[in-house]
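The values are calculated or read from the model by the stated rules, or taken from the named source; none is laboratory data. Keep in mind the model is a prediction, meaning the values are calculated, not measured. All Cβ positions, even for glycine, are placed from backbone atoms using ideal geometry, and neighbour counts span all protein chains on display. To get the accessible areas, we keep the full protein, side chains included, count just its heavy atoms, and leave off ligands, DNA and RNA. Shrake-Rupley method; radii C 1.70, N 1.55, O 1.52, S 1.80 Å.
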Amino acid sequence: MSKKSPFAHPHASVRPTQLAAGIALALTLWPLAHAQDKPAEKAEKSQLETVVITAERRAENIKDVPIAVSTLKGEKLDVLASGGQDVRFLSGRVPSLNIESSFGRAYPRFYIRGYGNTDFRLNASQPVSVLFDDVVQENPILKGFPVFDQRNVEVLAGPQGTLFGRNTPAGVVKFESVRPSKKQAAYVSASYGSYGSYSLEGAANLPLAGDWSARISAQTQHRDDWVKNTNPKGPTQETEGYRDSAVRLQALYEPSKTFSALFNLHHRDLDGSPRLFRASIIKPGSNDLVDGFDPAKVSLDGMNKQTLTQTGGSMKLKWALPEFTVHSITGYETVKPFSRGDIDGGSVYKFPQGPGEAGFPVETSDALDGHRQLSQEVRLESNASGPLNWQAGVYLFDERYTAVAQDYIGPLTTSTRQTNKAWATFGSISYELSKDLKLRGGLRYTKDKKELSTSTTDPKRIQAGNGLSLNTDDAKWNWDASATYALNKDSNVYARVATGFRASSIQPAAEFNPQSFAGPEDVISYELGLKSDLWDRRARLSAALFNYEVKNQQFTAVGGGNNANRLINAKKVGGQGVEFNLELLPVEDLLLTVGGSYNNTKIKHSGLQVEACGASCTLRDPITVPKNPGAFKFSDTVLIDGNSLAQAPKWIGNFTARYAIPTAAGNEFYVYTDWAYRSSVSFFLYDSVEFTGKPLTEGGLRLGYIWDNGKYEVAAYGRNITNQIRVTGAIDFNNLTGFINDPRTYGVQFKAIF
């Protein structure tokens, strides 16, 4: 009998994506044998490198762009992603950015400057837009695509309603993959760590004849199930493991200097665990974990299972004409997720509950069927060398799918079909009044329509009082205006006013709540900023002051004794704060980065009420209607006027330090540490002691050695090195159920660049 591989997932067989990833990595290694043995160019270490971004859809020095933009690239991205983290590793790594999930690796929720959406339904929209290679990823499931072989990540704060448009009132997170080229270049990276985790990643430019070049990139990540179910009768005996594989193939056709076509195909295959809900882990009257809490144990009587397949492609065409350049971006995405979980998080049921116990069993699943997203943008960009530059374009969007929700305790299946069609036209101009003063402005018109209908296997159990179908039809003009003034050749100040828009949302009727609707939301933002290269480009500082107001913000009122998930609008929400980024090269071999933000958010709607605390918790909001179990009212109704937004930390801070120790042979030892902090957060719209997440500080440490002119690297790493365990989210309706961040992990990594 053959010996089982230590890298084999206990539940997985070979899948198409694993095979594709293996082929991709083999192709990665193939050209290496033919690569010339050329020493890598030694980077200039006495100054910070110039940062070029595409925040305004054209390549510009970050200093010249009148928007608060943070970037991550290169080694920093590699370090933060070590240990197999999904896209949530970006949370807190730039000012004002928070990312969390109640679905695990499949469904990240993004918040910028405190502005986001806690909705967990599969048809939810978010006010932070995520773009992969210039294609909007609208459905929240699409936003969790693995991060590998990236040129950079840009986080654009504030409304981006003119040039990006779709659901961007809070900002944009923009991922850009490394493009193909004819240069022989490749890398392979392998790591192994705690919990049987491993990651294998590689990319290579493929040699093609003529005017074609190509690049293949792949990644596969694995972690063993490390949480044991102490209930021997549970169908899932171990959980929290995963196998997550993805591959990307790009082909670039450049027959001349005036035309190019970039084709992109990508696929993801995930087999793992949903978010692990843990029954009654919060100590009543506090937000502490219960005494004796063990992250490696849980007691479940339900099933925990999650699978996801995603396939997409894009075509980017570019024609450089004498007066302007034409850009065409065609995108296609489809995703099929399935997530089934023991939502109550326990296996013992009674009132009141002790640690690990629940009030009653809940086991449900969510899935998408027949999902398809099409998008098309055509944009014209001026080529003039004079003081006036402009962009203009049109955008089309078409998405459709069926969301299927299933209850396994009292069998019930509910199917909701939603279609969303939208189009927009937009334009932007910039004018250089003088060598020191530049003005910019933009305008966009958007038309957005949604259609939703719901069916069920048991109509008597659905709350159909508000109907089972609804259509929306919204239209909106958005604009922005900014001015940039050069104090000197190294420093710019800017002022910006911008608006944003998110179309109406619909939540389908379900067993515990009727169909609900929230009308469109609008935001206006004011921002003052400074960007400067200092100390002969050995330091770089950017800082911004901002204030925004959202009218009719769409909220999801989650929880309460009836487990509701209801859409509401708040008349006004205000946010204000400050954020900064600092890079510093005090000596040749030491690089420091520091970032931070303060965000003060507040709901401004007198009389706005929600159901709160289906579990027994300590409310800090005024109670308007007390709970009355005798009348089947199992939660209090409270006022939320004046509360901060959910999942909106006031303070975010991050710090990295890299110190290099060169050797006489020209090689290098290094030490790299990174830290991220966020202050306390409310998990829900209401304010309670138990459902307030404690401040969280996570740190990383990496010790490495680089040799042969930078071609090879070996390193040992640790993530969450202080092993700080916090409740990062909760379920409110049954007990004090919560979920936690990952514990400390560690491992080793080898990387080769060719």
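Does V394 count as open to solvent by 30 Å² or more (accessible area, probe 1.4 Å), closer than 30 Å to N304 by Cβ and modelled with pLDDT of 95 or more?
no
Can you name the residue in the stretch 133-190 that is touching a Pro at 6+ places or on another chain (Cβ under 9 Å) and basic (K, R) and is also nearest to V69 (Cα to Cα) among such residues?
K143
Testing I343 on (1) aliphatic (A, V, I, L, M); (2) modelled with pLDDT under 95; (3) open to solvent by less than 10 Å² (accessible area, probe 1.4 Å), one condition comes back false. Which one is that?
The one condition I343 does not meet is (3).
Of (1) surrounded by fewer than 19 Cβ atoms within 10 Å (Cβ to Cβ); (2) in contact (Cβ under 8 Å) with a residue 40 or more places away in the chain; (3) of a type outside the set (S, T, N, Q); (4) touching a Gly at 6+ places or on another chain (Cβ under 8 Å), L541 satisfies all except one. Which?
It fails just one condition, (4).
Is at least one residue of the stretch 562-574 open to solvent by 60 Å² or more (accessible area, probe 1.4 Å) and over 21 Å from Y686 (Cβ atoms)?
no
Of these, S415, S430, S482, which one is assigned to a strand (DSSP E or B) and within 27 Å of the chain's Cα centre (by Cα)?
Being assigned to a strand (DSSP E or B) and within 27 Å of the chain's Cα centre (by Cα) holds for just one of S415, S430, S482, which is S415.
Answer yes or no as to whether R440 is open to solvent by 20 Å² or more (accessible area, probe 1.4 Å), farther than 24 Å from S505 by Cα and either in a strand (DSSP E or B) or touching a strand residue (DSSP E or B) at 6+ places or on another chain (Cβ under 9 Å) (or both).
The answer is yes for R440.
Does any residue in the stretch 291-302 that is under 25 Å from T364 (Cα atoms) come within less than 7 Å, Cβ to Cβ, of a residue that is hydrophobic (A, V, I, L, M, F, W, C) and not in a loop (DSSP other than H, G, I, E, B) six or more places away or on a different chain, and which pairs are these?
From residues that are under 25 Å from T364 (Cα atoms), the pairs are P295/I740; A296/V227; K297/V227; V298/V227.
Tell me, yes or no, whether the stretch 446-467 has at least one residue that is open to solvent by less than 30 Å² (accessible area, probe 1.4 Å), part of a strand (DSSP E or B), over 22 Å from Q137 (Cβ atoms) and at pLDDT 95 or above.
Within the stretch 446-467, one or more residues are open to solvent by less than 30 Å² (accessible area, probe 1.4 Å), part of a strand (DSSP E or B), over 22 Å from Q137 (Cβ atoms) and at pLDDT 95 or above.
I'd like the full set of residues that are touching a Lys or Arg at 6+ places or on another chain (Cβ under 8 Å), of a type outside the set (A, V, I, L, M, F, W, C) and either in a loop (DSSP other than H, G, I, E, B) or open to solvent by less than 20 Å² (accessible area, probe 1.4 Å) (or both), limited to the stretch 61-92.
P66, K73, S82, G83, G84, Q85, D86, S91, G92
Among the listed residues T239, T230, T258, which satisfies the condition of being surrounded by fewer than 16 Cβ atoms within 10 Å (Cβ to Cβ), modelled with pLDDT of 95 or more, more than 30 Å from S328 (Cβ to Cβ) and β-branched (V, I, T)?
T230
Can you tell me which residues in the stretch 675-703 are acidic (D, E) and under 19 Å from the mean Cα position of the chain (by Cα)?
Answer for the stretch 675-703, where residues must be acidic (D, E) and under 19 Å from the mean Cα position of the chain (by Cα): just E698.
Scan the stretch 250-287 residue by residue and report those that are over 30 Å from I740 (Cα atoms) and either without any contact (Cβ under 8 Å) to a residue 60 or more places away in the chain or under 24 Å from the mean Cα position of the chain (by Cα) (or both).
Listed by number, the residues that qualify are Q250, Y253, E254, P255, S256, S260, A261, F263, N264, L265, H266.
Do we have R88 as at pLDDT 95 or above, more than 30 Å from L437 (Cα to Cα) and touching a strand residue (DSSP E or B) at 6+ places or on another chain (Cβ under 7 Å) here?
In short, yes.
Looking at N123, is it touching a Leu at 6+ places or on another chain (Cβ under 7 Å) and either without any contact (Cβ under 8 Å) to a residue 12 or more places away in the chain or farther than 23 Å from W651 by Cα (or both)?
In short, no.
Take the stretch 366-388 and flag every residue that is open to solvent by less than 40 Å² (accessible area, probe 1.4 Å), polar (S, T, N, Q) and in contact (Cβ under 8 Å) with a residue 60 or more places away in the chain.
Those that are open to solvent by less than 40 Å² (accessible area, probe 1.4 Å), polar (S, T, N, Q) and in contact (Cβ under 8 Å) with a residue 60 or more places away in the chain: Q373, S375.
Give me the pairs: first residue in the stretch 685-714 and closer than 15 Å to P662 by Cα, second residue surrounded by 15 or more Cβ atoms within 10 Å (Cβ to Cβ) and among the charged types (D, E, K, R), beta-carbon distance under 6 Å, and six or more apart or on different chains, which are they?
From residues that are closer than 15 Å to P662 by Cα, the pairs are G704/E713; I706/E668; I706/E713; E713/K751.
Answer yes or no as to whether Y670 is closer than 28 Å to S70 by Cα and more than 26 Å from the chain's Cα centre (by Cα).
yes
Among the residues of the stretch 335-355, write down those that are over 34 Å from the mean Cα position of the chain (by Cα) and under 17 Å from P232 (Cα atoms).
Once the filter is applied, which keeps residues that are over 34 Å from the mean Cα position of the chain (by Cα) and under 17 Å from P232 (Cα atoms), the stretch 335-355 yields V348, Y349.
Looking only at the stretch 517-527, which residues are out of contact with any Lys or Arg (no Cβ under 8 Å at 6 or more places or on another chain) and either closer than 13 Å to A495 by Cβ or open to solvent by 60 Å² or more (accessible area, probe 1.4 Å) (or both)?
Result: F517, single match.
G699: over 15 Å from Q647 (Cβ atoms) and among the small types (G, A, S), yes or no?
Answer is yes for this residue.
Which condition number does E588 fail, the rest of (1) buried (at least 17 other Cβ atoms within 10 Å of the Cβ); (2) at pLDDT below 95 being met?
Exception for E588: condition (1).
Yes/no per residue for (1) closer than 30 Å to D641 by Cβ; (2) in a strand (DSSP E or B); (3) touching a residue at least 12 places away in the same chain (Cβ under 8 Å):
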position	(1), (2), (3)
E527	yes, yes, yes
F555	yes, yes, yes
G561	yes, no, yes
R566	yes, yes, yes
K571	yes, yes, yes
L592	no, yes, yes
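Which ranges mark the strands (runs of 3 or more DSSP E) fully within the stretch 605-722 that have 2 or more residues being touching a helix residue (DSSP H, G or I) at 6+ places or on another chain (Cβ under 7 Å) and surrounded by 20 or more Cβ atoms within 10 Å (Cβ to Cβ)?
Because the criterion is at least 2 residues that are touching a helix residue (DSSP H, G or I) at 6+ places or on another chain (Cβ under 7 Å) and surrounded by 20 or more Cβ atoms within 10 Å (Cβ to Cβ), the strands (runs of 3 or more DSSP E) in the stretch 605-722 that meet it are 668-678, 696-707.
Output the residues belonging to the stretch 489-516 that are in contact with a Lys or Arg (Cβ under 7 Å, 6 or more places away or on another chain), in a loop (DSSP other than H, G, I, E, B) and more than 18 Å from V128 (Cα to Cα).
Listed by number, the residues that qualify are E511, N513.
D536 is checked against (1) of a type in the set (D, E); (2) without any contact (Cβ under 8 Å) to a residue 40 or more places away in the chain; (3) surrounded by fewer than 16 Cβ atoms within 10 Å (Cβ to Cβ) and fails just one. What number does that condition carry?
For D536, the exception is condition (2).
State the number of residues belonging to the stretch 242-255 that are of a type outside the set (D, E, K, R) and open to solvent by less than 10 Å² (accessible area, probe 1.4 Å).
Adding up the residues that qualify gives 4.
Hey, any hits in the stretch 489-507 for a residue that's in contact (Cβ under 8 Å) with a residue 12 or more places away in the chain and more than 30 Å from E56 (Cα to Cα)?
Yes; the residues of the stretch 489-507 include at least one that is in contact (Cβ under 8 Å) with a residue 12 or more places away in the chain and more than 30 Å from E56 (Cα to Cα).
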